[in-house]
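The following block contains the structure, expressed as structure tokens.
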Amino acid sequence: MGTTRVKVIDLASDEQEVKTSRKHAEKLTSPSKIKQEVQKPQEEKPTEAIETDTKPENTEAQDARLTPEGKIRVGTTLPPKEKIKIGQKPIKEAKTATSVRKRGKKYLDAAKLIEKDKAYRLDEAIVLLAKTSITKFDPTVEVHLNVVDRNIRAKVDFPHSVGEKKELRYLVFSDKKSDALKNVTWASEKTIAEIENGTLKPNRDFDAVISSPAFMPQLARVAKILGPKGMMPNPKNGTVTIKPDDIIAGSTSSTISLKSDPTAPILHTKLGKLSLKPEQISENLKALIVAVGPNKIKKATIKTTMGPAIKVEIATSKKN
């Protein structure tokens, strides 16, 4: 009996035909001996967007979870409460830009007229006010005083008007009442209770408070309400008196009560409009310095609205 030869095609081999015997062919064609074709890896399918509540823990971990195209890698396990969207780039902290205040050309040109760190005589400083004004309207002349502490209080009667006239509404605690005074509400113990419960409010129902010494112990109940508004009666500014008529009759639109800034030892107020005569601005500033006390003032600065500041010598600003 002769040997029968058959042709076997091995798909895993480079050779197209292999000649062998029948027995050998049966061994080659058995499932355990034929090499299987290597399957190509399946393409990654886009993963649906996963949205949760919080931001990624860090950008490095997020970079490892995303492909260069911005997709989430297959098999990636996301931490709980994390929000990542397909195509979203890693979140980086924004740099905080430092804001720099820019001055206009008019202001810079006006500031060149003032010598830095020089304190001018009062008459020279008032002349510079007009030269350094950069507004088209009539600006206000402002004054800023650096004082020795934050507990400075003063009441100033300016000889010239510093602004529009305003009629003050007075709340007066006194047993002696007078019908001759205008814009006056005569107060009592019931009024103190109304201030406590908010029925009467400072700056809405009254602008100033005057009290006789007998009512001061009772007014201590509302000190935390009147104090921050600058309305608590005080012997230093004359609002504790047995003659409220004299204070109300003597108050004009140019009478201003001042106190230093609660955050810094500085007093801010105005001296009037720039349209006032130079001697009128000078007299208003001298009255202010006398009321505050020259020995309590470290430095004085005047300026117009939106204009540069001008330092003033305190010695030349005292009233003769």
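Counting C-alpha atoms alone, how compact is segment 204-320: give Rg to one decimal and Dmax as a whole number, in angstrom.
According to the Cα coordinates of segment 204-320, Rg and Dmax are 16.9, 49 Å.
Once you have a ≥ b ≥ c as the square roots of the Cα gyration tensor eigenvalues for segment 171-225, tell me rounded if a/c is under 1.5, and otherwise prolate or oblate according to whether a/b is larger than b/c.
It comes out oblate by the Cα gyration axes.
Oh, and also: Suppose a student asked you for the relative contact order of segment 167-320, using Cα pairs under 8 Å spaced at least 6 residues apart; what percent would you report?
It comes to 16 percent, rounded to a whole number.
A further question on this structure: I'd like the accessible area for Leu267, computed on protein heavy atoms only with a 1.4 Å probe and all protein chains in place. Round to 10 Å², please.
It works out to around 10 Å².
Right, here's the next one. What ranking do 238-247, 282-291, 135-144 get when scored by the average of other Cβ atoms within 10 Å per residue, highest first?
282-291, 238-247, 135-144
Let me ask something else. For segment 184-320, what does the accessible surface come to per residue with a 1.4 Å probe? Please give it in Å².
Averaged over the residues of segment 184-320, the accessible area is 51 Å².
Need one value: the accessible area of Glu167 in square angstrom, 1.4 angstrom probe, rounded to the nearest 10.
130
Could you sort out which of Lys259/Lys299; Lys201/Lys296; Lys190/Lys243 sit more than 24 Å apart by Cα distance in this structure?
Lys201/Lys296
Could you sort 216-226, 152-162 so that the peptide with the highest average Cβ count within 10 Å comes first and the rest follow in order?
The densest-packed peptide leads the list: 152-162, 216-226.
Give me the percent of the accessible area of segment 188-320 that comes from carbon and sulfur atoms, probe 1.4 Å, all protein chains in place.
54
Quick query: amide H of Ile152 versus all other amide H atoms, modeled in the peptide plane; which residues come in under 5 Å with a sequence gap of 5 or more or a different chain?
Ser260
Taking amide hydrogens as modeled 1.01 Å from N in the peptide plane, which residues meet the under 5 Å criterion relative to Ile266, leaving out close sequence neighbours?
Placed amide hydrogens put Val147, Asp261 under 5 Å from Ile266.
The values are calculated or read from the model by the stated rules, or taken from the named source; none is laboratory data. Bear in mind the structure is a predicted one, so any value in this text is a computation, not a measurement. All Cβ positions, glycine included, derive from the backbone under ideal geometry; neighbour counts span all protein chains shown. Areas reflect the complete protein model, heavy atoms only, side chains present, ligands, DNA and RNA absent. Shrake-Rupley method; radii C 1.70, N 1.55, O 1.52, S 1.80 Å.
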